[in-house]
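Only one structure is covered here, and it is reproduced in the block below.
Bear in mind these aren't lab numbers, they're just calculated from the coordinates by the rules spelled out. Please read all numbers here as calculations on a predicted model, not as lab measurements. Here the Cβ is made from the backbone with ideal geometry for all residues, glycine too, and neighbour counts use every protein chain on show.
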Amino acid sequence: MSDSPYVFEATMENFQQQVMEASASTPILVDVWADWCAPCKQLMPILEKLVNEYQGAFLLAKVNADEQQQLTSSLGVRSLPTVILVKDGQAVDGFNSALPEGEIRKVLDQHIEAPEEDPYEKAHRLWEEGDVDGALTILAEMNQKDPENLKVLIDLAQLKAEMGDLDTAEQVLASLPPEERMQHQAKQLAARLKFLKQSAELPPVKDLEMALEQDPKDPNALHQLALHHVLQENNAQAMDLLIRLMQVDSKYKDEVAKTTLIELFDKLGNSNPDVRTYRRKLYTLMH
């Protein structure tokens, strides 16, 4: 059970008073769930995040379908999860699946006035939801108001890189003070920009895989396929190919396998388990 002040357990005994009557002053989102229901568990953290973000603009009533079978039946629930929005004693909206956060927000915003969202957090939410243009607009406005905000600058560069504008991303990165360029996020971006530029002339993945089937020690195919995996965030596969390349020819292209591995380690950070594994493998090969 959540320790949020905006979340409570609804039962047959308290439903009339704490949900139906209370909804006259505060909308109540009723979440009918069960412990065995995987989509219910996917949905729970999203609903709890939203109810805390809305800061009491609505409350979340959780109904355990197994423990509250009579209440579940009286609500007409036929599948789980079932979410019902109650306002002024009436069910005014709802849904019957583990919707993504953005879709749930749309349901809530039809009936509830949302609190003003922090612009930086909103930009990142839009970014995660795939609305890159929306995120870029907010970050650009923040940058105009506070050009010295380095966190916003790096985010802008990352967005530009995602949109394919590598030159602008490189210019933003180059404009950072030297000490900021050494920070983890900036080093991550620098590594990604390098990989993106290298990827422009890469052969298709299938061609490279076929080349390796014919010759598992083809250094060019090992290197180029590793770059493809980096760009797809398949980091373990990329590092494995780079280790194989070092085993085949550690001096290939001025030790590009070793250099690329170190750049990947910087990009992912020392806490990444794949980095720890492949750093040990690199150390063993070098010594």
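Averaging the Cα positions of each part gives two centres, and for segment 32-102 and segment 134-201 these lie 39 Å apart. Spread over its residues, the convex hull of the C-alpha atoms of the chain is 185 Å³ per residue. In terms of distances greater than 19 angstrom between alpha carbons, the cross-link table entries Lys41/Lys122; Lys187/Lys258; Lys187/Lys253 yield Lys41/Lys122; Lys187/Lys253. Restriction of the trypsin sites (Lys or Arg not before Pro) in segment 1-65 to DSSP coil positions whose beta-carbon has at most 12 other beta-carbons within 10 angstrom yields no sites.
Between Glu148 and Glu128, the FRET efficiency from the beta-carbon distance, with R0 = 35 Å, is close to 0.85. Report, to the nearest 10°, how far helix 235-249 tilts away from the longest principal axis of the Cα atoms in the chain, using its own Cα long axis and a range of 0 to 90°. The two axes meet at around 10 degrees.
Ordered by the count of other Cβ atoms within 10 Å of each Cβ, fewest first, His184, His223 give His184, His223.
Secondary structure note: in segment 7-109, about 55% of the DSSP beta bridges are antiparallel. May I ask for the percentage of alpha-carbon pairs in segment 119-197 that lie more than 14 Å from each other? Summing the P(r) tail past 14 Å for segment 119-197 gives 58 percent.
Label separation (Gln214 vs Thr168): 4.1 nm, computed from points 7 Å beyond Cα along the C-beta direction.
Across all Cα pairs in segment 140-287, the calculated P(r) in 10 Å bins from zero up to the longest distance comes to 11, 37, 31, 16, 5, 0 percent per bin. Taking a straight line from the alpha carbon of Lys87, these aspartates and glutamates sit under 14 Å away, with near neighbours fewer than eight places off in the same chain left out: Glu21, Asp109, Glu113.
Residue exposure proxy: Thr26, Thr72, Thr284, ordered by other Cβ atoms within 10 angstrom of their Cβ from fewest to most, comes out as Thr284, Thr26, Thr72. Do any GluC sites (Glu not before Pro) in segment 4-55 lie in a DSSP loop with no more than 10 other beta carbon atoms within 10 Å, and if so, which? Within segment 4-55, the qualifying GluC sites (Glu not before Pro) (loop, at most 10 other Cβ atoms within 10 Å) are Glu13. Ordering Ser175, Ser23 by the number of other Cβ atoms within 10 Å of each residue's own Cβ, fewest first, gives Ser175, Ser23. Within the listed set Ala140, Ala157, Ala186, the residue fluctuating most in the Gaussian network model of the chain (springs between alpha-carbon atoms under 10 angstrom) is Ala140. Here is how the number arises for the chain: DSSP H runs of 4 or more residues each give -39500 (n - 2.57), the sum is divided by the residue count, and the result at 222 nm is -18000 deg cm²/dmol. Its convex hull of Cα atoms gives segment 7-109 a direction-averaged projected area, equal to a quarter of the hull surface, of 5.7 nm². Angle of helix 38-53 to the longest C-alpha principal axis of the chain, folded into 0 to 90 degrees and rounded to 10: 80°.
Highest GNM mean-square fluctuation among Thr260, Thr277, Thr137, for the chain modelled with Cα contacts below 10 Å: Thr277.
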